[in-house]
Structures are given as structure tokens and as C-alpha cells.
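The values are calculated or read from the model by the stated rules, or taken from the named source; none is laboratory data. From a predicted model like this one, the values you see are computed outputs, not experimental measurements. Cβ atoms come from the backbone with ideal geometry, glycine included; neighbour counts cover every protein chain shown. We work out accessible area using only protein heavy atoms, side chains counted, and drop any ligands, DNA or RNA first. Shrake-Rupley method; radii C 1.70, N 1.55, O 1.52, S 1.80 Å.
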Amino acid sequence: MDFVNVIVDISHEKVDRIFQYRIPDHLKGRLKAGMQVNIPFGRGNRLVKGCVVGFAEKPDYPPEKIKELDSIAEGSVQAESQLIALAAWMRERYGSTMNQALKTVLPVKQKTRQKQSRRLIRKISVEEGVSLLEEYQRKKYRAKARLLEALLQNEVLDYQETVGNLKISSTVVRGFEEEGIIRMESRTLYRNPFADHFTKKEKEVLLNSEQTEAVEGIWSEYQKGVRRTYLLHGVTGSGKTEVYMELIARVIREGKQTILLIPEIALTFQTVMRFYERFGERVSVIHSRLSGGERYDQFMRAQNGEIDVMIGPRSALFTPFSCIGMIIIDEEHESSYKSETVPRYHAVEAARFRAGMCGASVVLGSATPSVDSYYRARSGRYGFYRLTGRFGNAGLPNVSIIDLRRELKEGNRSIFSRRLKEAMEKRLQCGQQTMLFLNRRGLSGFVSCRSCGTAIRCPHCDVALSLHNDGKLRCHYCGYETGMPSLCPSCGSRYISGFRAGTQQIEREVKKLFPYARVLRMDYDTTRTKESYEQILTAFGKGEADILVGTQMIVKGHDFPNVTLVGVLAADISLYAADYRSSERTFQLLTQAAGRAGRGQKTGEAVIQTYVPDHYSIRAAARQDYEEFYRQEILYRKMMGYPPAAFMLGIYLSGPEETFLEKQADRLGKVIHRLHAEGLTVIGPAVAALSRKKDMYRMVIYLKHMDENMLLNVKNQLERILENETVWQKIYIQFDYNPLNAY
């Protein structure tokens, strides 16, 4: 490469100005993305620092106008360079502009007023001060005498407290400063969102044999300089958090930092509390419910070395730590780790890349690992540790699968099965708590039979078809469509329809059945304010409610010892999402939901209601049997050519004119076929799962191949074609590598 692309100012929001320089011969082969360099800048050619964001064989400007790079910068900021290199990798892998990638990874400076702390520091000796104090007293300079007396007692004083308590004017302070008696020191105070919520507690945690084996196994390789990714597969309540904390404690003793990713904001309060009690103010948190100033302050605290552990959803991965020793991703299977905005990066992949740059290990933890991660662990690409028993000898819950087809035949048309009603009544009588879970995800209009449980599926892609407003059932992978049947094609029953129920309806039914019960609801509508998560969870944890009704946010990672019953109201909702991962997500959700019951000393029970009680994902979840689920699921993935058995690339198209968008989607499909990529499977174009959003029509094309490099090569070729033809600029095109959610 003869030319290098450099960005100059990366500290403010305007990060989209990229400049090109010629690489001198003595630096060829030595430059890497993220590296800081000295470049001649402006009319005076003054040397400024810039960061390398890419390379080019051909110049974007006339060669005679391109200046030559000067040198590699000494003592560059390591964290900043890592993040820029990460942005360059994300841009290449996931398809975006460099501007979009940079704005994803770099903290933007907020125009918020910073809090300042000022201190008065005595400069003169005690002897000089005593002599001067006698003079002030003799001349009856009372204010000066009060201030000097305080300074003789304490060499350093807080400005605000001193002025207020001693009733001294700023003029007196300024006079002391001018006379050289004191010096004023100012420093920025960064906000700590949880400083007033928790206190550090000295508490010894004893690990069991399986936890100890995991910690010692990972740490022994760490001390030998081995840096790799590990999968920690532990049943719900097995004590994965204790393993994380012990590893973090050892990383801190090595003088390094840790990033801990969690999938949901709802988990933040309880997670931070446990880590704050162990590590004190050296822990911080970042998430979207903080103000812009609070988020920026946490990044600055990290950059200034004030914290050792950052906790938060996927954006916490971009914490500007300079010496990361470990990145831990809890509940690694969660789809929230995949960005739904450009660049559509996956936090697990991005964490592995960043860990590789800074010499860190990655630990992935889950009771229900993603099929992708388990596949890598089984093949030896990841280290692998298991926790098979619950921490503190708590038992796994007793799980019942309720056949809603039988309930219907026997006259029960209620949302609640008879078994679940009885179990709820029993908990209310003995003062124990219940969680009722309704998975709203995937509620896109799947159609199933209430008599036999059959769902209408695509004959080509083996995913559930979605019912649209025009009465058509469509596949959002290949575009196959058919009409809405009036009778079940399997058993002939007339009880065939879509499922329509929400958490508000569940809440109303609970209050009608049990008018004396105290009920809380936790879903998107009840958690819109900044502290709503903490308020609901804290109230339930304190026993201020008997029943908590909610969506998937209530079944992930929470630990309530008095919850002894979990009811899953309709397992079929997630099972029949129009997505090849629907069985995996169903197994994960049901396992996680059941795992909320009986985490204390009391025996737990879970009731799973479904129209397909014999489905392998439901039966395996009831037995908490991941191996059985995996054996079935990986066979399906291999047969259909879905990840991780193959690789997949989603191409998402959107535009304001439906006819023009369809025409360009068909044209793009033909362009892909003309690339003659051997072994490439092209699916679509098809109407997207959400066919119209904000007056923009949407379509999809999916590509599958056994070689991921082939897919990335196809993406790169398409990007060049799209850049060179202006007709493509009339529509918006995004790439999504191994997509997790329907577009």
C-alpha cells in the first residue's frame, strides 16, 4: 500500500474528516490501523497527531497534492488507538462507513457543565503562619485570621466548605492567593451514578470444587501468557458470578482492568450492587438510561485510571481502558449483544478482536450457551468449563409441561391452565412469590392450530410463516407466500389462528382471579423512566408484591430467594417466530425462566404452557438438558445450512418508493448471481419481516456459504459496485453478517 488514510480530531463529535497521506519508503509495512502518526497539517505544515484508519493502493486525490506522512508518534494513547483499530475492523467486517464505526466506538464529548472541586493548599510553613496570624489578630483582620487558623490546622481545605463554614468572602481567598500564602487547585468531579446506592462490604466467598476448577484452569493459562476465549457453561444458579468476581480480583491484583458485559439494563442494578460490594468505587456502570454527561464521565473515569471494572450492555465494550486483562460476557447467548444499527456488529466477536489487540482473555458465561459458541467449544476453538450444580446446594426446580390442547378440549379457555392456577393459589397462601412470563418477542402473526399444535411453515426454509394485513402468510427469508387457511392442513380443525395476548391482559386476568394479590408488571411500557427498572425490582425483592408479570426482562439473571413459582404462559410464541433460531431461543428462554424459581432454600416449581409439548426444545428445557437440545438443533442447522454449520450474510434494502425498491432488489440479486461465487446460495429478494417502517419500504436478500471469507469477499465486491453506480444511492443498503434478528 502506498497511501494511508488518517483521521485528525477524534476527541469531539465531528469525527468524519479523513485525510490521505503518502507513505514514505522507510515506513512501508510498519503501519497498522489504530496507530498514531505525526502528519503535516494545514497551510503551515505544522506537525499534528493523527490516527491511521485505513490504507489505499490508489490515491483519492491528485498525487501531487498529497503530502507525505512524517513519522510514527511516540507515546501514543494506547486505548484510543485500540478503539480506532477496532472501528476499522468493524467497518471491514460488518460493512459500514468509517464514520459510522468511529462514532460507535468513540465516546462523544457532551456539552454539559462539568462539576469542579477546588481546594486551598497552604504554601507557607507553620512558623510563618503563626507569625502572620499574630499580626492579623493584632490588626483585627478577623476573616483573614479565621482562614489562616483553619489552614494551620489542616494544610488542605475544601474551598466551598471553607467559605461557607467560616463565612469568608472570595476576596479574602483571592488576597491569600496573591500574597503567596495559598495556592488554589481545581479538578473536575466526574459523576458516579451508583456512589450513593451501595457500600463496599468485606465478605469472603468460598468457591465449590467446580468453580475452583474453572477459576484455576483459566488463571493458570493466563499466567502462562495464554490468551484465548473460554465458555463457562453453568446451570441457572450455579454461581457463575462468583467465578467472574474471583477472576476479576486476580486481574486487578495484576494491575489490569476488566470489562463485564450484561445483556439487559434491567440486570444493571442487581449486578452492580454485587460487584460494588466486593470492589467498591473501583466499579462503574454505563448504559443508555444514564444522561449523556453521566455516560461521558464514566468513560473519563476509566481513561483517568479511577476505576478497574466497567459493567454494562454492549457499549461498555468501548470503555477506554489502557490495560485490559479480561473481558467477561455474561448471558453470552443473548441477541441484544448484536447491534441492530449500522455497523451491525456482534459484541462477542468484537470483544475477541479487542482482547487480541490488548492481550486479554475472554470469558463467555451462560446457562444456555448459543449454539454458535457451544459449536466452537466442542471443536476446541474455545476453552470449556462446566458448572453442573446450583451454588449453595439449592436444587433445580420441578418443571411441568402443560398441554394447552388438552385444556381446550376439557373446556378451559382461560390464559391460565388449571395446574398454574392451583400453584399460584398455593404460593399466595404460604406467602411465597410468583413470576409470570410472556415472551412478546416473535409475536409477528404466526398461525397455529389450537387442536393439534401445528404451525404453518415455509416449505423451503423451515421457519414459521408470518401473517400480514392483506391476509397472506409470507416467509421473510425467501419470499414464499400462501393464503390464510380456514382449517388446519394437518388435522382439519377450525381452531387455527394467530396468538394475541399481552402483559397488560395477563395483569388484568391475574387481578380478576386473585383480587387480593399484589401485582407488579414489568415490560417496555412500565420501564421507560431512568430508575423504573430499579424501582420495580427493588419493590419485588422486598416482598412488596406477590406476583410479577413481565416479558423476557424478568427472567434473565435476577435472583429472588422467595420466588418459588414461575409460569410460562405461551412457549409457542418464541417457538414460531419467523426465524431459524426460534427453537434455540425458546430453549434458552424456558430454561432461564424456570431457573428463576427456587434459588433460595425453598423448592422451586415451573409450569410451561404450550400447544406442542413434544417439541425437543421444550422437553429439553423442562429437563434443563442442554446436550439433548444441542444434538437435535445442530442436526437441523447442518441439514438446512444455517450458522454455525454455514455462514450467512443479510443484505437489507430500504427506500421510499416500493416499486423502485423491488426493481433494485431484483437487480441486486442478478448482480450477485453474476459474481459466480462457487457454492454461494442466494435466498430472495423477499419482503422484510417489518415491510414498512417510518415510510420506508424494506426488502431482504440472504446469502449462505460454507466459507466465511467467501461471504466477506462477496460483500466487499458488492460495496465497490454500489459505490460506482449512482442509481444505488437512491436506496439505503445495509449488510448484516450472521444476522440474529429478522429485519
> Out of all the residues in region 553-571, which are open to solvent by 10 Å² or more (accessible area, probe 1.4 Å), out of contact with any Asp or Glu (no Cβ under 8 Å at 6 or more places or on another chain) and not hydrophobic (A, V, I, L, M, F, W, C)?
Replying inline: ASP559, PRO561, ASN562
>> Under 8 Å between Cβ atoms, which residue pairs at least 6 apart in sequence (or on different chains) link something in region 22-47 that is in contact (Cβ under 8 Å) with a residue 40 or more places away in the chain and under 12 Å from GLU68 (Cα atoms) with a partner that is of a type in the set (A, V, I, L, M) and surrounded by fewer than 19 Cβ atoms within 10 Å (Cβ to Cβ)?
In response: ARG22/ILE66; ILE23/MET1; ILE23/LEU31; LEU27/ILE72
> What are the residues in region 695-743 that are farther than 30 Å from GLU584 by Cα and hydrophobic (A, V, I, L, M, F, W, C), if any?
Replying inline: MET696, LEU718, ILE721, LEU722, VAL727, TRP728, ILE731
>> Checking the structure you have, find out if any residue of region 317-330 is surrounded by fewer than 23 Cβ atoms within 10 Å (Cβ to Cβ), outside any strand (DSSP E or B), free of Cβ contacts under 8 Å to residues at least 12 places away in the same chain and not charged (D, E, K, R).
In response: no
>> Here's a check for you: in region 440-454, which residue that is open to solvent by 10 Å² or more (accessible area, probe 1.4 Å) and under 32 Å from the mean Cα position of the chain (by Cα) is modelled with the lowest pLDDT?
In response: GLY442
>> For region 613-625, give me each residue that is open to solvent by 10 Å² or more (accessible area, probe 1.4 Å) and within 28 Å of the chain's Cα centre (by Cα).
In response: ALA622, GLN624, ASP625
> When you go through MET640, MET648 one by one, which is the residue that is among the aliphatic types (A, V, I, L, M), within 20 Å of GLU719 (Cβ to Cβ) and open to solvent by less than 60 Å² (accessible area, probe 1.4 Å)?
Replying inline: MET648
>> Being β-branched (Val, Ile, Thr) and modelled with pLDDT of 85 or more narrows it down to one residue among THR171, THR199; which is it?
In response: THR171
> Taking into account only those residues within region 515-540 that are of a type in the set (Gly, Ala, Ser) and out of contact with any Asp or Glu (no Cβ under 9 Å at 6 or more places or on another chain), which is surrounded by the fewest Cβ atoms within 10 Å (Cβ to Cβ)?
Replying inline: ALA539
>> Restricting to region 465-501, and then to whatever is in contact with a Leu (Cβ under 8 Å, 6 or more places away or on another chain) and aliphatic (A, V, I, L, M), can you tell me which residue is most open to solvent (accessible area, probe 1.4 Å)?
In response: MET484
>> Here are the criteria: (1) open to solvent by less than 20 Å² (accessible area, probe 1.4 Å); (2) of a type outside the set (S, T, N, Q); (3) in a helix (DSSP H, G or I); (4) out of contact with any Lys or Arg (no Cβ under 8 Å at 6 or more places or on another chain). Tell me which single one GLU407 does not satisfy.
In response: (4)
> Taking region 578-612, which residues are of a type in the set (Val, Ile, Thr), within 22 Å of ILE547 (Cα to Cα) and open to solvent by 10 Å² or more (accessible area, probe 1.4 Å)?
Replying inline: THR603
> Tell me, which strands (runs of 3 or more DSSP E) lie completely within region 479-538 with 3 or more residues that are in contact with a helix residue (DSSP H, G or I) (Cβ under 9 Å, 6 or more places away or on another chain)?
Replying inline: 519-522
> Mind checking whether some residue in region 287-296 is modelled with pLDDT of 90 or more and either of a type in the set (Lys, Arg) or over 27 Å from ARG386 (Cβ atoms) (or both)?
Replying inline: no
> Assuming SER209 fulfils every condition listed in (1) touching a strand residue (DSSP E or B) at 6+ places or on another chain (Cβ under 7 Å); (2) open to solvent by 20 Å² or more (accessible area, probe 1.4 Å) apart from one, which condition is it?
Replying inline: (1)
> Pick from GLU281, GLU306: which is among the acidic types (Asp, Glu), in a helix (DSSP H, G or I) and either at positive phi or surrounded by fewer than 21 Cβ atoms within 10 Å (Cβ to Cβ) (or both)?
Replying inline: GLU281
> Hey, among the residues in region 48-96 that are aromatic (Phe, Trp, Tyr), in contact with a strand residue (DSSP E or B) (Cβ under 8 Å, 6 or more places away or on another chain) and not in a strand (DSSP E or B), which one's surrounded by the fewest Cβ atoms within 10 Å (Cβ to Cβ)?
Replying inline: TYR61
